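Rule-based calculations on the coordinates, nothing more; no lab input. In this text, all values refer to a predicted model and were calculated from it rather than measured experimentally. Note: ideal-geometry Cβ built from the backbone for every residue, glycine included; neighbour counts use all protein chains shown.
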Amino acid sequence: MNTPFDFSFGEAKTVYVKTVEVADLPEEMRAGAEGREQLYAVHDAEGEQLALVADRRLAFLLARQNDFAPVPVH
């Protein structure tokens, strides 16, 4: 019987979504931020950054579309 907690049919990998201050990014990345103060990074369990996007909703959508289970980091 499949339950919401039964991941035997293609377990989703967890990724972490965190806020990134544009001021903390390298200069070449800051230029592409188009006036934003924050961006959102998607990281895997080992801490590798997989994506950097403009808004939180997009970060979660991107993760889910790629079969990841996003979790917010505060």
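Tabulated data for the structure shown
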quantity	calculated
Angle between the chain longest axis and helix 56-65 axis [Cα atoms, degrees, rounded to 10]	40
Cβ-placed point charges (K, R +1; D, E -1), dipole of the chain about Cα centre in debye, nearest 20	280
Relative contact order of the range 13-72, defined on C-alpha pairs under 8 angstrom at six or more residues apart (%)	41
P(r), alpha carbons of the range 13-72 - 10 Å bins starting at zero, rounded %	25, 52, 22, 1
